[in-house]
Structures are given as C-alpha cells and as structure tokens.
1. Suppose every K and R has +1 on its Cβ and every D and E has -1 on its Cβ; what is the size of the dipole of the chain about the Cα centre, in Debye to the nearest 20?
2. Starting from the 7 Å offset along Cα-to-Cβ, what nm value, one decimal, do you get for the label separation of Arg157 and Asp172?
3. Using square roots of five times the C-alpha gyration tensor eigenvalues, list the equivalent-ellipsoid semi-axes of the stretch 44-106 in whole Å, biggest first.
4. As a test of the formula, what do you get for the chain when each DSSP H run with n ≥ 4 contributes -39,500 (n - 2.57) and the sum is divided by the residue count, at 222 nm and rounded to the nearest 500 deg cm²/dmol?
5. Just the accessible area per residue of the stretch 1-59, please: how many Å² with a 1.4 Å probe?
6. Putting +1 on Lys and Arg Cβ atoms and -1 on Asp and Glu Cβ atoms, find which of Val70, Thr39, Ile106 reaches farthest to the positive end of the dipole of the stretch 34-111.
7. Using each residue's phi in the stretch 221-237, evaluate 6.51 cos²θ - 1.76 cosθ + 1.60 at θ = phi - 60° and report the 3J(HN,Hα) Karplus result to the nearest Hz, with x for Gly and Pro.
8. Provide the gained length on full extension for the span Arg42 to Val249, in nm with one decimal, where the gain is 0.36 nm per separating residue minus the Cα-Cα distance.
Amino acid sequence: MGLRVLAVDDEAPALDDLVHLLRADPRIGEICTARDGATALRQLDRALAEGRPFTAVFLDIRMPGLDGTVLGRVLAQFARAPHIVYVTAYEGHAVDAFEIKATDYILKPVRPERLAEAIRRVTGTASGGPPGGAPGPAGAPPAEPEPMPVELGGVTRFVGPAEVLYVEAQGDYARLHTSGGSHLVRIPLAALEDRWRGAGFVRVHRSHLVALPAIEELRIDSGRCTILVGGAELPVSRRHVRELRDLLVRRARRTP
C-alpha cells in the first residue's frame, strides 16, 4: 500500500520537486499536497475524520499565515500525530524541530538520497509503534535518549548524551560540556534532565547535571562536597551528596 503522506510548501516549484522525489520512492503510496498551513490542517483533520490519517507530513517552515513551526506544534497535539519531516532552506530552525520531536529535518535543495533517509526514519519509527511517539508493545526496549542539535559555524550537528561530560544551566538555556568544547542549547536544565535520565545523567546541583561515568573524583572537605569532571571542579548540593555517593558505590561494585 505504501505510506500516505502530505507535502506542504507555499512555493509551487519546490512543491512539485518534492512530490516528484516522493513518487520515485517505492515506500510512498498516496501523496496529497497543500500550498499553505491552513489548507494542510484542514486536510489533516478531514483525513482523521475519514479514518485515513497521514503517516507523515513533509513540511516547509517559512510560509505565510500558519507557518511550519506553528503547524508542527499543532500536529504534535494530535491523538494520532503524523511524523513530521521538515523540508526547508533555513538551518536556524533545527532546535524548534527538535522540540517538536520532528522525525527529520532536510535542507533544500532536496537530494534524493537525503529524502530516502528521511523516509527510512519514518518507516523505521512507524514499525516500532504508532505515529506521535505512542508507546510500542509491552516489553519493548526503551528508546535511546535524544541527541541535541547544536550550531557550529552555520552547520547543524547533533550531540548525543554519550559525548557530554556535564551540563551547566544558563537561564532558560543549557551549556553542554564535552571533551572538545562546549555548546549552548535552548532547553532548560530540568527538561534536559528528564530527557537524558536514562543515559546515566544525575543532578548534583541546581546548576549542574553530570554524566555519572565522567566523574573522576568525589571530594569532601570541611563539609563541602565537590566532584572532578573533565578537569572541572563542580559543587554538589548537600541534598544530593548521599544519593550521588550511593550511585558511585553501586557503579564501582558493578565495574570489574
């Protein structure tokens, strides 16, 4: 049958090119189109009412009226949300796409192999459970913690939790410290703590989240507790000391 998808772009040539590339992929079945966000939303509502929801929406970002980021946030609230693949000429919206939990983010001009990879991600996610992040079958392994998009010289790359030694709160932002440098990302520390909880990160202070394996030393001097991580000495709040010490002891016992 193939995937039922909706392609949305306010520029006719770009929309035609995208549809042409989608039709060339054997995994794609029915393709519908829209030239603006409001029309796309009406088509999505009608598809749900008819019991024929779209599997994915290939969505431009900068459009008049209802733009792609606003539409993406609306779609994320659907009970059966489609996968969102952003197709845009602008790199600067990768963080918005991450927050919306978009399946992929493609830069124009669209290359066939890059679109094929996005479709693979859609089909791979769909096979593990229904669209919109609903849980898979009972007993399925938990999903890998999500990487964070960072901007490096105009190029967006993704930094995974395995690369990060510790995270420092900076207002509504967080700074990821890696062995090769640091990156400022637009996410509160508490939100990142929740997302990376399964990757071995522990809260040691209101301003710091630390990768447990990266802790080199635990120091207690005159009632003050600090840890050494990547050459940096970080404070540990009193209320976190016992929990952190217990975690380190349990980890040491498991290490051969």
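1. 1100 debye
2. 2.8 nm
3. After scaling each eigenvalue by five and taking roots: 21, 12, 10 Å.
4. Dividing the helical sum by the residues of the chain leaves -9500 deg cm²/dmol.
5. Result: 50 Å² of accessible area for each residue.
6. About the Cα centre, the residue reaching furthest to the positive side is Thr39.
7. For the stretch 221-237, the Karplus curve yields 9, 6, x, 9, 10, 9, 10, 10, 9, x, x, 9, 9, 10, x, 10, 5 Hz.
8. 68.9 nm
The values are calculated or read from the model by the stated rules, or taken from the named source; none is laboratory data. This structure is a prediction, so every number in the text was calculated from the model and none was measured. Counting neighbours? That spans all protein chains shown, and the Cβs are built from the backbone with ideal geometry, glycine included. These accessible areas exclude ligands, DNA and RNA; they are computed on the full protein's heavy atoms, side chains included. Shrake-Rupley method; radii C 1.70, N 1.55, O 1.52, S 1.80 Å.
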